[in-house]
């Protein structure tokens with residue numbers, strides 16, 4: 001195991017610990033959010049996002065971090081996004097967090113893990129066909145929201161964080 | 001049914017989520033790594049595929065792009081399992097369960113039915129994640145944190161698909 005892998009393991013352990021503490025890895029929580037009954041996973045995810053967003057962009061101004069994001073390819077982002085969602089609605093676990101579900105004893109996630117390995121293999125098999133027919137359609141390149149709107153990124157961050165906090169308040173008011 | 005009751009020993013999702021945001025910042029600062037998970041399943045498929053048909057794996061372009069080997073993200077995904085296990089065992093919230101409560105209320109406690117649906121769901125979800133270019137970790141957390149338009153678009157459609165499917169699965173309520 002090299003240093004990079006040890007970093008990965010430790011980072012994953014911290015993340016897995018926090019995921020389990022907030023009880024967000026289990027099927028009931030994931031599906032309850034999709035059924036608008038309990039927004040715990042959204043609260044967790046959006047809290048991580050707003051803290052990460054402010055921190056990453058702050059350190060990026062000093063050149064301490066390098067941004068690494070994916071280009072917009074509408075056919076892939078939308079088609080793949082919907083397909084992922086349909087599968088997620090059946091499985092009730094996410095690729096990253098289902099290991100955490102297994103960690104707290106929810107062993108039906110083993111079927112999900114197995115299915116995902118098969119799904120990845122299937123994708124590799126069909127990749128040449130997809131390259132010909134689907135991939136790369138409507139490739140708009142590396143776009144960020146500030147570029148798209150044409151404003152300073154901190155303005156976008158302030159609006160985003162304010163919107164999320166308002167959403168949190170609404171969740172709490174509604175008891176979600 | 002009461003889904004919303006506070007569970008004993010659970011941390012506030014705002015606190016645990018916010019702390020996860022700090023973990024992301026530290027990870028990017030120290031190792032240059034944003035969170036992601038779905039590539040690990042490609043590498044796993046390649047590793048397993050090598051046992052059954054090593055020539056096939058070597059032929060496939062996708063496994064050349066994502067070589068079947070261990071890397072930061074693979075260990076990250078393993079770490080999530082270990083961290084959750086540690087947290088569950090030390091807080092008495094570990095529960096060996098093959099059929100989730102909500103599922104059982106609607107479809108009964110047959111683990112085979114749950115297993116089949118979970119397996120199919122896993123196949124579809126991963127195919128979709130690879131097509132989309134990432135999962136809720138890579139596109140959702142990492143993408144949106146960086147204000148990437150691709151992350152936001154993918155995340156919206158993850159939820160669109162998920163909401164459609166849960167509507168179908170739980171059509172007409174729990175009973």
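The values are calculated or read from the model by the stated rules, or taken from the named source; none is laboratory data. What you are looking at is a predicted structure, and each value in this text was computed from that prediction instead of being measured. Every residue, glycine as well, gets a Cβ built from its backbone with ideal geometry; the counts of neighbours run over all protein chains shown.
When the residues of region B:31-43 are filtered to those that are more than 7 Å from chain A (Cβ to nearest Cβ) and part of a helix (DSSP H, G or I), which remaining residue is farthest from residue A:64 (Cα to Cα)? Applying the filter and picking the extreme gives B:43. Of all residues in region A:6-30, those that are assigned to a helix (DSSP H, G or I) and at the interface with another protein chain (Cβ under 7 Å from one of its Cβ atoms) total 17. One residue alone among A:3, A:33 is free of Cβ contacts under 8 Å to residues at least 40 places away in the same chain, surrounded by 20 or more Cβ atoms within 10 Å (Cβ to Cβ), more than 7 Å from chain B (Cβ to nearest Cβ) and touching a helix residue (DSSP H, G or I) at 6+ places or on another chain (Cβ under 9 Å), and that residue is A:33. Quick one: is residue A:133 out of contact with any strand residue (DSSP E or B) (no Cβ under 7 Å at 6 or more places or on another chain), surrounded by fewer than 24 Cβ atoms within 10 Å (Cβ to Cβ) and more than 14 Å from residue B:161 (Cα to Cα)? So residue A:133 fits the description; yes. Output the residues belonging to region A:88-109 that are in a loop (DSSP other than H, G, I, E, B), facing chain B (nearest Cβ under 7 Å) and buried (at least 24 other Cβ atoms within 10 Å of the Cβ). Across region A:88-109, the qualifying residues are A:92, A:94, A:95, A:96, A:97, A:104, A:108. Of the residues making up region B:73-90, not a single one is over 17 Å from residue A:111 (Cα atoms), more than 7 Å from every other protein chain (Cβ to nearest Cβ) and assigned to a loop (DSSP other than H, G, I, E, B). Screening B:94, B:158 for residues that are part of a helix (DSSP H, G or I), modelled with pLDDT of 95 or more and either surrounded by 23 or more Cβ atoms within 10 Å (Cβ to Cβ) or facing chain A (nearest Cβ under 7 Å) (or both) leaves exactly one candidate, B:158. Counting only residues that are assigned to a helix (DSSP H, G or I) and in contact with a helix residue (DSSP H, G or I) (Cβ under 6 Å, 6 or more places away or on another chain), which one in region B:44-60 is surrounded by the most Cβ atoms within 10 Å (Cβ to Cβ)? If we take residues in region B:44-60 being assigned to a helix (DSSP H, G or I) and in contact with a helix residue (DSSP H, G or I) (Cβ under 6 Å, 6 or more places away or on another chain), then B:45 is surrounded by the most Cβ atoms within 10 Å (Cβ to Cβ).
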